[in-house]
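Chemist: One structure coming up, written as structure tokens, with questions to follow.
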Amino acid sequence: MMDLYNDSEREQAYGASSPKTDKYHEAFDKFEVFESDTQVTNTVKAILDKHATENLTPDVLKRIHGCIDLTSLTAMDTKETIWKMVERVNDYEGTRPDVPNVAAICVYPLFTDTVKQALRADGVRIAAVCGGFPASQTFTEIKVAETAMAVMEGAEEVDTVINLGYFLEENYEEMCDELEEIKGSCREVRMKVILETGALATAENIRKAAILALYSGADFIKTSTGKGYPGATPEAAYVMCRVIRKYHELAGRMAGLKVSGGIRTAEEAVKYYTIVKEVLGEEWLTPDYFRIGASGLVGDIERRLGE
């Protein structure tokens, strides 16, 4: 098992005197438990009813544009289609000095080098989905190797999925050990851990998975793969933000939030911006700590800003 924490960090995470086999539940106990899924829904509705409309402004849309991971993850991707997607990002560079370019381009590992060769836009990062995406049902050794190869090919960020089977059977040790090994193969590259919140379904499951991911080295926690299960919801994002905030208090480290899966319009994106703003604060509203994974959202925002 790889140990990514010093004694002080591990004490903050799991408690100094708890036996190793109980460290995961010790970590859970340090974070608030939500009363019910209904209460989460009502709280989120109140936040959005109060603040979402006021955030639907050109300035906010410009900020969101700069927080998008422009994504193509289909079985029909080719080097040509990925190259064309990157060229659109290159062509946008400088056309609107008041609008930042997208934060990253997210692709399958096979196309990491294609993006690297094609990309000319400054500050746009290369992200690759790794670790048996989207099901995560392969050998840990394969996940580690795939991640290392993507980084070698030029990935600057890695999006990987928790093993839902391990989580659901409460095999937390194997799940976390695997994430730590993947984190090790990331080297200095940021790791976004996908919880697949649509499969987890409940606030309590999302809370626990977020805690485990953060203490396993996640730089971001991410809602969804967009494959096979419901995508992001404001309720899932709210729960994850609350965990991120408490983790920051306990560990002294800021972690990011990425929402993905079905976010296509400016109105939908503003909901997530609003939740991050109200729960975590302005300092999280930068590409370093807030991302939206999407393909069609860029076009909708650019159309709105062009009106």
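The values are calculated or read from the model by the stated rules, or taken from the named source; none is laboratory data. All values derive from a computational prediction rather than experimental measurement. So basically every Cβ, Gly included, is an ideal-geometry build from the backbone, and we count neighbours across all protein chains shown. Ligands, DNA and RNA are stripped out before the accessible areas are found, and what is left, the full protein with its side chains, is counted by its heavy atoms. Shrake-Rupley method; radii C 1.70, N 1.55, O 1.52, S 1.80 Å.
Chemist: Under 5 Å between amide hydrogens, which residues at least 5 positions from VAL107 or on another chain qualify, with H placed 1.01 Å from N in the peptide plane?
Modeler: Residues meeting the amide H criterion: ALA127, ALA128, VAL129.
Chemist: How are the C-alpha pair distances of the chain spread across 20 Å bins, as whole percents from the shortest bin up?
Modeler: Bins of 20 Å from zero give 35, 58, 7, 0 percent of pairs.
Chemist: Obtain the radius of gyration and the Kirkwood radius of segment 187-307 from its C-alpha atoms and give Rg over Rh.
Modeler: Across segment 187-307, the Cα-based Rg/Rh ratio is 0.97.
Chemist: Rg and Dmax of segment 202-247, Cα atoms, in Å?
Modeler: Here Rg and the maximum Cα pair distance are 10.3, 30 Å.
Chemist: Taking the Cα centre of the chain as the origin and placing charges on Cβ (Lys, Arg +1; Asp, Glu -1), which of GLY296, THR38, GLY228 is farthest toward the positive end of the dipole?
Modeler: The residue sitting most towards the positive pole is GLY296.
Chemist: Could you compute how much accessible surface ARG96 exposes when probed at 1.4 Å, giving the result in Å² to the nearest 10?
Modeler: 70
Chemist: Enter the accessible area of HIS25 (Å², nearest 10), with the probe set to 1.4 Å and all protein chains included.
Modeler: Approximately 90 Å² for this residue.
Chemist: Over the heavy atoms of CYS186, what accessible area does a 1.4 Å probe trace out, to the nearest 10 Å²?
Modeler: 0
Chemist: Could you pull out the trypsin sites (Lys or Arg not before Pro) across segment 139-189 that fall in loop regions by DSSP (anything but H, G, I, E, B) with no more than 15 other Cβ atoms inside 10 Å?
Modeler: ARG187
Chemist: Given axes a ≥ b ≥ c from the Cα gyration tensor, I'd like to know whether segment 37-93 is rounded (a/c under 1.5), prolate (a/b larger than b/c) or oblate.
Modeler: oblate
Chemist: May I pose another question? Tell me the mean residue ellipticity at 222 nm calculated for the chain from its helices only (DSSP H runs of n ≥ 4, each -39500 (n - 2.57), averaged over every residue, nearest 500).
Modeler: When only DSSP H runs of four or more count, the value is -15500 deg cm²/dmol.
Chemist: Still on this structure, I have one more. How big is segment 94-158 along each principal axis, measuring the range of its Cα positions in Å and listing the largest first?
Modeler: Extents along the principal axes: 46, 21, 13 Å.
Chemist: Given a 1.4 angstrom probe, I'd like the percentage of the accessible area of the chain that is carbon and sulfur, rounded to a whole number.
Modeler: Here carbon and sulfur together make up 50 percent of the probe-accessible area.
Chemist: Please give the per residue accessible area of the chain, computed with a probe of 1.4 Å over protein heavy atoms only, in Å².
Modeler: That works out to 44 Å² for each residue.
Chemist: Using 25 Å as the Cα-Cα cut-off, could you pick out the over-long pairs in LYS116/LYS271; LYS45/LYS208; LYS23/LYS246; LYS50/LYS192; LYS79/LYS227; LYS116/LYS258?
Modeler: LYS116/LYS271; LYS50/LYS192
Chemist: Provide, for q = 0.18, 0.21 Å⁻¹, the log10 of I(q)/I(0) from a solvent-free Debye sum over equal Cα point scatterers in segment 53-180.
Modeler: So the normalised log intensities are -0.95, -1.11.
Chemist: In nm, what is the difference between 0.36 nm times the number of residues separating ALA135 and GLU283 and their Cα-Cα distance?
Modeler: On the way: separation 148, 0.36 × 148 = 53.28 nm, distance 3.28 nm.
Result for the pair: 50.0 nm of gain on full extension.
Chemist: If you keep only loop residues by DSSP, which GluC sites (Glu not before Pro) in segment 166-242 have at most 15 other Cβ atoms within 10 Å of their Cβ?
Modeler: Details: sites: GLU169, GLU170, GLU173, GLU174, GLU178, GLU180, GLU181, GLU188, GLU196, GLU204, GLU235; in loops: GLU169, GLU170, GLU188, GLU196.
Passing sites in segment 166-242 are GLU169, GLU170, GLU188.
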